[in-house]
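The values are calculated or read from the model by the stated rules, or taken from the named source; none is laboratory data. Owing to the predicted nature of the structure, the values given are computational and were not obtained by experimental measurement. Neighbour counts run over all protein chains shown; Cβ positions are idealised from the backbone, glycine included. Accessible surface areas use protein heavy atoms only, side chains included; no ligands, DNA or RNA. Shrake-Rupley method; radii C 1.70, N 1.55, O 1.52, S 1.80 Å.
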2 protein chains.
Amino acid sequence: MANDAFAALAHPTRREIVERLSEGASTVGEASHGLGVSKPTISRHLKLLEEAGVVTRVIDGRTHRLALNPETLTDTSDWIERQRARWERLFNVVGEYLEERKEPG
Amino acid sequence: MANDAFAALAHPTRREIVERLSEGASTVGEASHGLGVSKPTISRHLKLLEEAGVVTRVIDGRTHRLALNPETLTDTSDWIERQRARWERLFNVVGEYLEERKEPG
């Protein structure tokens, strides 16, 4: 499990970039327009997202096109979902056990 | 969307604690045994998990019982899943458009 994906998503500016890409943005300009942060800061945020495998970049002449990487997003949400599901099962088993103890014979 | 949940999950020790809780650990000792980190470090990790709403703690006499908070886990995985699904839809729409352009009249 990549540590980096959670760290990459642990900043509101980077989550905003991810949301914009999911809504159709594809250039660095579209993904970062109006965020109120400097170009070097945007570059740093994008570098973290790319290193974590959340975002990929295709260089097309002078245009850098950004894309989300659905595999990394799936791996990350799957890990969380697995913990939640296991917890809920455990919780239900304990609940049933307590219910059974309450009922006589 | 709580920034804190992603940050809380962005450390392997904290993810190990979450996995142990999902598998049935319930005391601080069970959740942190053998991790090779000091008690103050464990306390700091637990504090971050609690502040992010990933873990809750019930004090029962001298025993502190830890529990996962499924709502926070659901919110966090749902956010990721929403971005992925929107991205895949967009990707399919663009793919269909390109396919249509390839086919004559």
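Could you list all residues from segment A:51-91 that are basic (K, R) and closer than 27 Å to B:A31 by Cα?
A:R82, A:R84, A:R86, A:R89
Filter segment B:4-60 down to the residues that are basic (K, R) and in contact with a His (Cβ under 7 Å, 6 or more places away or on another chain) and list them by number. Spell out the reasoning first.
At the first step, the residues of segment B:4-60 found to be basic (K, R) are B:14-15, B:20, B:39, B:44, B:47, B:57.
Passing the criteria: B:R14, B:R57.
Here is a list: A:R57, A:R44, A:R101, A:R86. Which entry is open to solvent by 20 Å² or more (accessible area, probe 1.4 Å), over 26 Å from B:A7 (Cβ atoms) and over 16 Å from the mean Cα position of the chain (by Cα)? Don't jump to the end; show me each part of the working.
On the way: A:R57 fails: over 26 Å from B:A7 (Cβ atoms); A:R44 fails: over 26 Å from B:A7 (Cβ atoms); A:R86 fails: over 26 Å from B:A7 (Cβ atoms).
Residue meeting the stated conditions: A:R101.
From B:E96, B:E19, grab the single residue that is more than 23 Å from A:R86 (Cβ to Cβ) and open to solvent by 30 Å² or more (accessible area, probe 1.4 Å). Give the steps one after another, and end with the answer.
On the way: B:E19 fails: more than 23 Å from A:R86 (Cβ to Cβ).
Unique residue meeting the criteria: B:E96.
Name the residue, out of B:L73, B:L66, that is under 23 Å from A:R86 (Cβ atoms), under 10 Å from the mean Cα position of the chain (by Cα), within 12 Å of chain A (Cβ to nearest Cβ) and open to solvent by less than 40 Å² (accessible area, probe 1.4 Å). So that I can check it myself, show each step before the final result.
Values: B:L66 fails: under 10 Å from the mean Cα position of the chain (by Cα).
On inspection, the qualifying residue turns out to be B:L73.
Given the structure, is B:E50 loosely packed, with under 14 Cβ neighbours inside 10 Å, under 16 Å from B:S22 (Cα atoms) and modelled with pLDDT of 95 or more? Talk me through it step by step, then tell me what you get.
On the way: loosely packed, with under 14 Cβ neighbours inside 10 Å: no; under 16 Å from B:S22 (Cα atoms): yes; modelled with pLDDT of 95 or more: yes.
No, not satisfied.
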